[in-house]
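The values are calculated or read from the model by the stated rules, or taken from the named source; none is laboratory data. Quick caveat: nothing in here was measured; it's all calculated off a predicted structure. Cβ coordinates were reconstructed from backbone atoms using ideal geometry, including for glycine residues, and neighbour counts include every protein chain displayed.
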């Protein structure tokens, strides 16, 4: 595309098609996706014995990322991974996605090329091909991802199944994404290979763990931690009409590097309130506790509390005193 002329929508659609479908679409690779990019709509053939899971997610410049700070390939990886995380939270598998993209003309060149390269790599890793979407012009970058997933009929894990006495678990470590965000300073170069930034820039949806728990019927309720434990746990409890008591000392907190100790970051506060981790929060009936391993593959599972019959949400401090769990996670309207 010549830099001397403004891009046309046809140009952008062709660029997206070429970049995300390097070889001509072949039904043998994804037999359920009968028609993808190039027609009025995609055609999807559901598998027998399965039901569909649908989710969509916004990813907006200035709200969820900074175009001049966050690399385009990490923006792409994150916008798709966080949408697919919703599929993981219900114990499903992603099958295909739609991309709706609004761009300023100045972002339709190099920025878009790098964005599409990151999107293609992430889609390939997560085995979730693009099925279509839409483009338009805007004064800022607006991205919306819609994902179609599947799970075995009747096996989707909801937020509403937790019962008093159930144990509360999380996957991975909490607060790592927020830690990475705190290290991004204006005027400093961002190194995408810095492991401290990894979870902030390239989150990983916990598809294997979610599917493992769902297929065995072990999670009574489940959701992903997108906005922080202190914000998301109340949502699960409200859906299940229960309360919860967390053990603060059991939280799998982020590990702060020695060179960052001067920043006075509190690992417990990051674990409670930090967003963007996309770990799984799930509950397990007492009768199934012995069936929960310490790890699913390399991913650790940690018991952090218990579901209560009242509607209170409490966190027990190391001194044994229980305090109200204050909702201080991510809220785009705050």
* Is it fair to say residue 185 is over 30 Å from residue 254 (Cβ atoms), free of Cβ contacts under 8 Å to residues at least 40 places away in the same chain and either assigned by TED's automatic domain parsing to the domain that holds residue 246 or exposed (fewer than 14 other Cβ atoms within 10 Å of the Cβ) (or both)? -> no
* Asked: Across region 117-128, what is the number of residues that are crowded, with 21+ Cβ neighbours inside 10 Å and in contact (Cβ under 8 Å) with a residue 60 or more places away in the chain?
  -> 3
* Members of region 276-334 that are free of Cβ contacts under 8 Å to residues at least 60 places away in the same chain and within 19 Å of the chain's Cα centre (by Cα) -> 298
* Any residue in region 214-222 that is surrounded by 21 or more Cβ atoms within 10 Å (Cβ to Cβ), assigned to a helix (DSSP H, G or I) and either touching a residue at least 60 places away in the same chain (Cβ under 8 Å) or in the same structural domain as residue 58 (by TED's automatic domain parsing) (or both)? -> yes
* Structure fact -> Exactly one of 81, 76 is within 25 Å of residue 35 (Cα to Cα), under 14 Å from the mean Cα position of the chain (by Cα), without any contact (Cβ under 8 Å) to a residue 60 or more places away in the chain and not in a loop (DSSP other than H, G, I, E, B), and that one is 76
* Identify all residues within region 310-334 that are farther than 20 Å from residue 178 by Cα and out of contact with any strand residue (DSSP E or B) (no Cβ under 7 Å at 6 or more places or on another chain); write none if there are none. => 318, 319, 320, 321
